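Note sheet for the following structure.
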There are 2 protein chains.
Amino acid sequence: MTTTGAGFRSTAEEQRERITVAALGVFADKGLHATPVADVATAAGVSPAYVFRLFAGKVGLFVAAVDRCYEQVAQVLSTAVRAGAAEDPAARLDAMTAAYVELIRDRSLIMIQVHAQSACDVPEVRDAVHRGLARVVETVTRDSGADPVAVQRFLAYGQLCHLVVQADLDPADGGWAQTITAGIAHAP
Amino acid sequence: MTTTGAGFRSTAEEQRERITVAALGVFADKGLHATPVADVATAAGVSPAYVFRLFAGKVGLFVAAVDRCYEQVAQVLSTAVRAGAAEDPAARLDAMTAAYVELIRDRSLIMIQVHAQSACDVPEVRDAVHRGLARVVETVTRDSGADPVAVQRFLAYGQLCHLVVQADLDPADGGWAQTITAGIAHAP
DNA sequence: GTGGTTACTGATCGGTCAGTCACAAAGCAG
DNA sequence: CTGCTTTGTGACTGACCGATCAGTAACCAC
């Protein structure tokens with residue numbers, strides 16, 4: 001490294017970055033236990049050995065991806081409310097809801113959350129989920145100005161969103177599916 | 001079998017039953033991919049080989065457990081509304097919500113649902129989730145008499161319940177955790 | 001050049017686990 | 001008893017996969 005300054009990102013750090021992004025996409029498909037590290041390595045264009053060198057085992061890699069996921073989610077929600085000119089808390093929450101539903105288009109951010117919840121028996125994953133939820137809840141609360149009850153409702157419908165995406169629910173599946181997916185656009 | 005009559009359950013069928021129950025409990029801990037079939041076999045007191053004889057592979061076993069789970073959930077909700085003397089749909093939904101929250105005590109039925117959602121990339125699992133959701137939604141809709149919007153809200157908060165249980169959220173974790181868990185008693 | 005650090009990989013190992021198969025034991029029919 | 005069916009298992013295997021390690025290539029300082 002030529003210019004070693006504070007905050008400079010070495011090539012290794014860049015790779016960690018790229019691999020984390022790749023991991024988010026790959027883990028989103030099948031989750032922690034059903035995804036070989038080799039798949040992530042291939043997607044990132046490096047060897048599996050190098051992935052293990054840059055991350056603390058498979059779990060460390062997964063945690064990095066989950067952290068990144070929640071980071072992005074918080075950012076999306078924050079951006080959504082700043083972009084809109086909504087004044088009252090309810091309208092701001094609506095803007096956030098719309099933005100979250102929009103996330104369905106790229107399913108990765110949604111799906112990896114479900115996989116992370118499912119892998120909460122692994123302590124490191126559980127901690128990452130806690131960190132992520134704290135971040136999201138605090139972001140939503142602060143940026144929307146809504147009361148806790150409204151924020152909780154926002155989160156509940158977010159979870160319903162996860163179910164729709166993960167189980168690939170389609171209103172055409174019947175009345176029960178329409179009940180679940182109502183208001184949640186399902187664009188394939 | 002001595003008395004072969006219609007509807008009679010052979011010993012093999014009884015074992016299938018016992019193994020399914022054991023599977024529900026064991027899979028609830030770590031999910032499909034992180035649970036060896038041997039663990040289920042041990043819990044059921046049979047050999048792994050026999051489990052493979054009675055079920056169509058590991059996935060078949062998991063699906064049986066998931067089906068059983070949704071069956072029990074639907075039954076619990078149905079019973080709750082029949083037991084109470086609630087007359088209007090809203091009160092009946094409240095009774096169901098209370099019953100569902102009560103399910104947290106035995107975390108198995110909640111946790112296996114999250115694991116099943118996470119394993120929806122396996123077609124058989126996805127189908128089982130669809131079957132289960134259809135059953136639950138139809139039961140709730142019929143027995144509560146509530147409109148689809150109210151039923152959807154019931155489901156959304158049910159999903160929030162899953163998150164609380166799976167991530168082992170505790171109000172003591174901070175304000176964010178209180179926001180999420182408000183109204184959902186967390187009895188350890 | 002030489003010495004040192006860093007980026008990266010091929011080869012491999014050890015363990016786990018889904019699934020199979022040949023076989024045993026128990027019941028029952030005749 | 002003999003033969004057939006059903007319940008049940010021990011022993012095995014083939015494949016996969018997480019993790020390691022020795023080693024190579026590139027870059028840089030001097």
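Some points to look at:
- Surrounding net charge for residue A:43, when Lys and Arg each add one and Asp and Glu each subtract one, Cβ distance under 15 Å: +2
- Assuming charge only on the beta carbon of Lys and Arg (+1) and of Asp and Glu (-1), the dipole of the protein assembly as shown about its Cα centre is about 700 debye to the nearest 20.
- Student exercise, the stretch B:90-155 dipole from Lys, Arg, Asp, Glu Cβ charges, in Debye to nearest 20: 80
- Three-way shape label, the protein assembly as shown, alpha-carbon gyration tensor, a/c 1.5: oblate
- Virtual paramagnetic centre 7 Å along Cα→Cβ of residue A:18, amide N under 17 Å, in the stretch A:55-97: A:55
- Using alpha carbons only: equivalent-ellipsoid semi-axes of the stretch A:43-168, gyration tensor based, whole Å: 29, 14, 14
- Percentage of interatomic Cα-Cα distances in the stretch B:137-188 larger than 15 Å: 52
- Positive minus negative residues near residue A:143 (Lys, Arg vs Asp, Glu; Cβ under 10 Å): +2
- The charge dipole of chain A, taken about the Cα centre with unit charges on the Cβ atoms of Lys, Arg (+1) and Asp, Glu (-1), comes to about 460 debye, rounded to the nearest 20.
- The helix-based estimate of mean residue ellipticity at 222 nm for chain B, built from -39,500 (n - 2.57) per DSSP H run of four or more residues and divided by its residue count, is -23500 deg cm²/dmol to the nearest 500.
- For the stretch B:73-114 and the stretch A:49-120, distance of Cα centres in Å: 31
- Electrostatic bookkeeping for residue A:92 treats Lys and Arg as +1 and Asp and Glu as -1; over the other residues with beta carbon under 14 Å from its beta carbon, the sum is -2.
- Footprinting exposure proxy for B:18, A:53 (fewest neighbouring C-beta atoms within 10 Å first): A:53, B:18
- Global geometry of the stretch A:37-94, whether rounded, prolate or oblate, following the gyration tensor of its Cα atoms and the 1.5 cut on a/c: prolate
Any read-out appearing in this document is the output of simple, stated calculations on the displayed coordinates, not a laboratory observation. These figures come from a predicted structure and were not determined experimentally. Note that each Cβ is placed from the backbone with ideal geometry, even for glycine, and that neighbours are counted across all protein chains shown.
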